[in-house]
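Colleague: Quick one: the structure is below, questions incoming.
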Amino acid sequence: MADSGTADGTAPDRGGDDAETLPNGETRRWWKEAVVYQIYPRSFNDSNGDGVGDIPGIVEKVDYLDDLGVDVVWLNPVYESPNADNGYDVADYRAIMDEFGTMADWEELLAELHDRDIRLVMDLVVNHTSDEHEWFRRSRRSRDSDYRDWYFWREGRDAAEVPWTAEEGPDGEAPPNDWQSFFGGPAWTYDETTEEWYLHLFDEKQPDLDWSNERVREEVFDTMAWWLEKGIDGFRMDVINLVSKPPGLPPIGADSERDTFDQVSEGPRVHEYLREMREAVLSPDLLTVGEMAGRSLSLEHARRYVGQGPDGDGLSMLFHFEHMHLDRGAEPWEREAWELPELKAVFDKWQAGLEGAGWNALYLSNHDQPRTVSRFGDDGAYRRESATLLATLLHTLRGTPYVYQGQELGMTNAPFASLSEFRDVETKHPVRRAIDRGEIDSFEAVADAVRANSRDNARTPMQWSDGSNAGFTDPDSEPWIGVNPNHGEINVAAERDDPESVWHYYRRLIALRGEHDVMVYGDYDPLVPDHERIWAYTRTLGEERWLVVLNASGEPTDVELPVGAADATPSVVIANYGDGEDRVGEAVDGAFELRPWEARVYEL
Ligand code: ISL
Ligand code: CA
C-alpha cells in the first residue's frame, strides 16, 4: 500500500495515475483494498464528561482502531451545527462544532490517524445547509437578497385550487407543491419575513441549496478544496443524488406510485454537476463515496456515478439502499416481511451490475440503520455466530467493506421503552404527528415496529466496558442517549479478552483482506441463488479461487454445491466455528453440512 501521509497531516501524494491492472482487468486502488470504519462522534467516546462524544475522545481511541486494523475512518459531520439532525444541518462548513472540540483537536486526530497509516474521509453535507448558516440567514432577509436564489423560495398556492394542503401557513394558502419532507409533513415551510415558502426535503432547519445556481456549486467546490488542502483523503457525500431538482419543481400528483425521493433523485443535471466537481477538485486517488438515497436508483445511473472513464462522474463508489428497503415500510411504524433469496438477489444484482463498470461500497448498517445482527441475524441465541457470518459476507463480497462502530462487537438494537427515549427527528416527528392526527393510537400500539426501524438503534453509545455508562462517558454523567443495558455482556474489554469473540473475528477478516488480492478483486459468481438458507459464492482471480458458504439460518442445513473443487480437501481460510479446525482435511466433494449460522471460506 502507498504511504498514507505524514504526521503533520500532509496529504499523501496524489501524483500520476499509473495504477496496476489485475488479471481480470480490475484497476488496483488503495480504496478498493481498504476497510472503512465509520465513526458517529456523538456516540463514540466522551472525553470531558458532558455526555456527548467528541474529537479528543476519538483521539484516545486511535490505537483501538489501529489494533482492529482498519484502513480508513469515515467521520460523520463534525462541523458547526445547531444539531437539529445531529450535524447534518451545517451552520459553518469550515468550523468544528463546539461540543466536539476545536479545529486543533481535529488536526491532532488527522495527524494521529495518518501516523498509523489510517486515512480520514469527511462527510460532505451539501444538498442542504442549516437555517442558521450565514447563506440562509441572508437569503431569508428579503426577496431581493443576493443570496435569495441560493435556496428554493416560492410563493404559496391557492388552497382552493390545488389538492394538497398544509396545516401551517396563512389562511387559504397551500405550499408550492405536494412534496413531503423525509422527516414527516410538507417539504415546505412558510416564512413570514418575506411571505414565501422555502424547500426542505429534510427537517425545516435543513433548507435545500439550489445547485442550479453556479455560485452555490463554486462555494461547495471551494469548501471541498479547503478540506483537501488540510490533508483529508476523501469524502462521503450525503444524499448527493438529490442535488438536481427537476425544473419547475413539479408536483407528484395524487394517484402516482412515486414518492418525493423518486421525484427528486437522479435529477436532470446531477451527472453534469458531479462531473464539474470531478474536474474542479477530485482525483482517482481520493476515496469518494456517494450516498444515493431512495429506492429508485437504477444500475444505469449508478454506472455513471462510479464510471471512471471520461463520461463517468468518477466517484470511487456509492451507497445504494436496495437491501435497506427490504424490511422497512413507508412509515417508521411499518415493516415488511422478507426472505433470504430477496436479500441475495439484491447483492447479486449489484455485484454483477457494477462489474467492469465501477466499484461497490458494502454496508449492512450505518448511523441511519438498525443494528446489523438484530436486522439480518439473530441477536439472541446465535448472536456471535450470526454476527460473524454477516462479517464474513461483508468482507468477502467484491467491494469496499464499511464497518459501523460497534458492529465489530455484534452490538444489537436497543430496548427503547417509550417515545421520550428516542432522540432522532426521523423517529420522533413522524410518530408524534401521526398520533396527533389520529393515524396511530399511541406509541405502544406501534412500539415493536418503531423499535425495529429506528435510526437511534445505531446511535446508542459505543460499549467500551461493562462499567457504568459502558465506559462511554464518566460514570456520573448522563449520556445524550441511553446506553444499551446489554453492555455488561457486549463490550470491547470483554471481547478483546475472548479469542472467540465477534471482535477477534472482525480483526482476522480485516487482516486477511490485506493479504489476498482474490478477496478484494476476485470475480464474484453466486451459487444456489434460490436456496432459502444457504448463501454461497465463489471469488476468482487468475488461478486463485475461493468458495464462501454461509448458512444464514438457525437450522442445521445440508447443501450440494456445484463447485468442482480441484482439491477434494480444500483448505479453510476462515470459519466462525472454532476457525474451521474440525473441517481441516475434510473432503467436500461439493457436499456441505452446516451448523446454525455457520460461515466457512475455502481456498479451492
Ligand atoms: O433511509 C433512511 C432510513 O432508512 C434515511 O434516514 C436516509 O438515510 C436519509 O434519508 C439520508 O441520510 C442522510 O441525510 C440525512 C441525514 O439525516 C442522515 O443521517 C444522512 O445519512 C439528511 O442530511
Ligand atoms: Ca464531550
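The values are calculated or read from the model by the stated rules, or taken from the named source; none is laboratory data. Everything quoted here is computed from the prediction, not taken from an experiment. Every residue, glycine as well, gets a Cβ built from its backbone with ideal geometry; the counts of neighbours run over all protein chains shown. The area values use the complete protein model at the heavy-atom level, side chains included, leaving out ligands, DNA and RNA. Shrake-Rupley method; radii C 1.70, N 1.55, O 1.52, S 1.80 Å.
Colleague: I'd like the distance between the alpha-carbon centres of segment 120-194 and segment 343-373, rounded to an integer number of Å.
Modeller: Taking the Cα centre of each part, segment 120-194 and segment 343-373 sit 34 Å apart.
Colleague: Report D for segment 340-483 in µm² per second (integer): Stokes-Einstein, Kirkwood Rh on Cα pairs, 37 °C, 0.692 mPa s.
Modeller: 192 µm²/s
Colleague: Moving on. Under a plain spin-label model, where a point goes 7 Å from the Cα along Cα-to-Cβ, how far apart in nm are Leu249 and Ser283?
Modeller: Placing both labels 7 Å along Cα→Cβ, they lie 4.0 nm apart.
Colleague: Rolling a 1.4 angstrom probe over the protein chains, ignoring ligands and nucleic acids, what is the accessible area of Ser265 in square angstrom, nearest 10?
Modeller: Spelled out: Ser265, probe radius 1.4 Å, area about 10 Å².
Colleague: So, one more: Taking 0.36 nm per intervening residue step and subtracting the Cα-Cα distance, what contour gain separates Thr21 from Glu161 on full extension?
Modeller: Taking Thr21 through Glu161 to full extension adds about 44.3 nm, to one decimal.
Colleague: Tell me the relative contact order for the chain as a rounded percent, counting alpha carbon contacts under 8 Å between residues six or more apart.
Modeller: Relative contact order of the chain: 13 percent.
Colleague: Report, ordered by chain and residue number, the aspartates and glutamates lying within cross-link reach of Lys349, taken as a straight Cα distance under 19 Å and ignoring same-chain residues fewer than 8 apart.
Modeller: Glu26, Glu291, Glu300, Glu322, Asp327, Glu339, Asp523, Asp525, Asp530, Glu532
Colleague: For the chain, compute Rg over Rh where Rg is the Cα radius of gyration and Rh is the Kirkwood radius from the inverse mean 1/r over Cα pairs.
Modeller: Checking Rg against Rh, the ratio lands at 0.96.
Colleague: Now for a different question. Whose amide H sits under 5 Å from the amide H of Leu120, counting only residues 5 or more places off or on another chain, with H placed in the peptide plane?
Modeller: Under 5 Å from the amide H of Leu120 lie the amide H atoms of Val73, Asp233, each far enough along the sequence or on another chain.
Colleague: Please report the accessible area of Arg328 (heavy atoms, 1.4 Å probe, ligands and nucleic acids excluded) in Å², nearest 10.
Modeller: Answer for Arg328: close to 40 Å² accessible.
Colleague: Net charge near Tyr147, counting Lys/Arg +1 and Asp/Glu -1 over other residues with Cβ under 12 Å of its Cβ?
Modeller: Net local charge, Tyr147 excluded: +1.
Colleague: What is the gain in length, in nm to one decimal, between Asp497 and Glu544 on full extension, counting 0.36 nm per residue of separation less the C-alpha to C-alpha distance?
Modeller: Full extension from Asp497 to Glu544 adds 13.5 nm.
Colleague: Provide the per-residue ³J(HN,Hα) series for segment 175-180, in order, calculated from phi with Karplus coefficients 6.51, -1.76, 1.60 and θ = phi - 60°, each as a whole number of Hz, with x at glycine and proline positions.
Modeller: x, x, 8, 9, 5, 10
Colleague: Okay, next question. Please tell me which of these pairs span more than 28 angstrom C-alpha to C-alpha: Lys32/Lys61; Lys205/Lys245; Lys32/Lys344; Lys61/Lys205?
Modeller: With Cα atoms farther than 28 Å apart: Lys61/Lys205.
Colleague: State the percent of C-alpha pairs, over all pairs in segment 523-603, separated by a distance greater than 21 angstrom.
Modeller: Cα-Cα pairs of segment 523-603 separated by over 21 Å account for 20 percent.
Colleague: While we're looking at this one, here's another question. What residues have an amide H closer than 5 Å to that of Glu196, excluding those fewer than 5 places away on the same chain, when H is modeled at 1.01 Å from N in the peptide plane?
Modeller: Residues meeting the criterion, in which the H sits 1.01 Å from N, are Asp191.
Colleague: Still on this structure, please answer the following. Post the alpha-carbon centroid distance, segment 214-280 to segment 63-106, in whole angstrom.
Modeller: Comparing the Cα centres of segment 214-280 and segment 63-106, I get a distance of 22 Å.
Colleague: Now for a separate question. For a quick check of understanding: with a 1.4 angstrom probe and all protein chains in place, what accessible area in square angstrom does Arg513 have, to the nearest ten?
Modeller: Number for this one is 10 Å².
Colleague: Shifting gears a bit: Quick check: at a probe of 1.4 Å, how many percent of the accessible area of the chain sits on carbon and sulfur atoms?
Modeller: Answer for the chain is 43 percent, counting heavy atoms of protein chains only.
Colleague: So, for the chain, what is the accessible surface per residue at a probe of 1.4 Å, expressed in square angstrom?
Modeller: 38 Å²
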